[in-house]
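Undergrad: Supplied in structure tokens, the structure appears directly below.
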Amino acid sequence: GNTIEPGIYEYLITEIDKTETKGTGKHPPSPMHVVKAKIDLGNFNERTITDYFVLHESLEWKVSQFLVSIGQKEKGKPCKPDWSNAAIVGKRGLLETRNQKSIDGRIYARVLQWLPQEEYEKRKEENHDSDFLGDFEPINDDRIPF
């Protein structure tokens, strides 16, 4: 499986796909956004974790939690979400993972919760010297010695 130690990790959103649920169980077919986030496990170790946002009233809390985490929404205030790639991909923040057993008995890392953007900002201020997935300066010198 893709187990990791349950805990709080920094994330970087790498992609978002729009799809639709099949409408099994108690929910009618609904639009759904599939979000992939790269999480930093430290020691240059990364893992991609996928989460699913069904746009249905009963799951509004989860969508809201995500939008607060990427800084698009303020807690307790209404907002019209922007699900475009430009608005979502490249956003950073914190999420908490848990491990979940799948039907075939394997254990997978899942998102337990998306933490508010201000928690990420606070952590960044505390560790301002570490830079998640570094922003490397391009080398513009043609005389690279290898």
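The values are calculated or read from the model by the stated rules, or taken from the named source; none is laboratory data. Owing to the predicted nature of the structure, the values given are computational and were not obtained by experimental measurement. Virtual Cβ from ideal backbone geometry, glycine too; neighbours counted across all protein chains shown. To get the accessible areas, we keep the full protein, side chains included, count just its heavy atoms, and leave off ligands, DNA and RNA. Shrake-Rupley method; radii C 1.70, N 1.55, O 1.52, S 1.80 Å.
Undergrad: Evaluate the stretch 26-33: report whether one residue or more is open to solvent by 20 Å² or more (accessible area, probe 1.4 Å) and touching a Gly at 6+ places or on another chain (Cβ under 7 Å). Write out each step before concluding.
TA: Let us first name the residues in the stretch 26-33 that are open to solvent by 20 Å² or more (accessible area, probe 1.4 Å), namely 26-29, 31-32.
Now narrow it down to the ones that are touching a Gly at 6+ places or on another chain (Cβ under 7 Å): 29.
There is at least one residue in the stretch 26-33 that is open to solvent by 20 Å² or more (accessible area, probe 1.4 Å) and touching a Gly at 6+ places or on another chain (Cβ under 7 Å).
Undergrad: Open to solvent by 60 Å² or more (accessible area, probe 1.4 Å), basic (Lys, Arg), closer than 19 Å to Pro31 by Cβ and assigned to a loop (DSSP other than H, G, I, E, B), is that true of Lys75? I'd like the intermediate steps shown before the answer.
TA: Working: open to solvent by 60 Å² or more (accessible area, probe 1.4 Å): yes; basic (Lys, Arg): yes; closer than 19 Å to Pro31 by Cβ: no; assigned to a loop (DSSP other than H, G, I, E, B): yes.
For Lys75, the condition - open to solvent by 60 Å² or more (accessible area, probe 1.4 Å), basic (Lys, Arg), closer than 19 Å to Pro31 by Cβ and assigned to a loop (DSSP other than H, G, I, E, B) - is not met.
Undergrad: Looking at (1) open to solvent by 30 Å² or more (accessible area, probe 1.4 Å); (2) touching a helix residue (DSSP H, G or I) at 6+ places or on another chain (Cβ under 8 Å), find the lone condition where Ile13 falls short.
TA: Result: Ile13 passes all but (1).
Undergrad: I've got another one for you. When the stretch 54-72 is examined, which residues are found to be open to solvent by 50 Å² or more (accessible area, probe 1.4 Å), free of Cβ contacts under 8 Å to residues at least 24 places away in the same chain and either among the aliphatic types (A, V, I, L, M) or outside any loop (DSSP other than H, G, I, E, B) (or both)?
TA: Correct list: Glu57, Glu60, Trp61.
Undergrad: Which one is most open to solvent (accessible area, probe 1.4 Å) among residues in the stretch 83-100 that are of a type in the set (S, T, N, Q) and touching a residue at least 12 places away in the same chain (Cβ under 8 Å)?
TA: Looking only at the stretch 83-100, we keep the residues that are of a type in the set (S, T, N, Q), and these are 84-85, 97, 99-100.
Restricting the remaining residues to those that are touching a residue at least 12 places away in the same chain (Cβ under 8 Å) gives 85, 97, 99.
Details: Asn85: 88, Thr97: 3, Asn99: 60 Å².
Taking the candidates together, the pick is Asn85.
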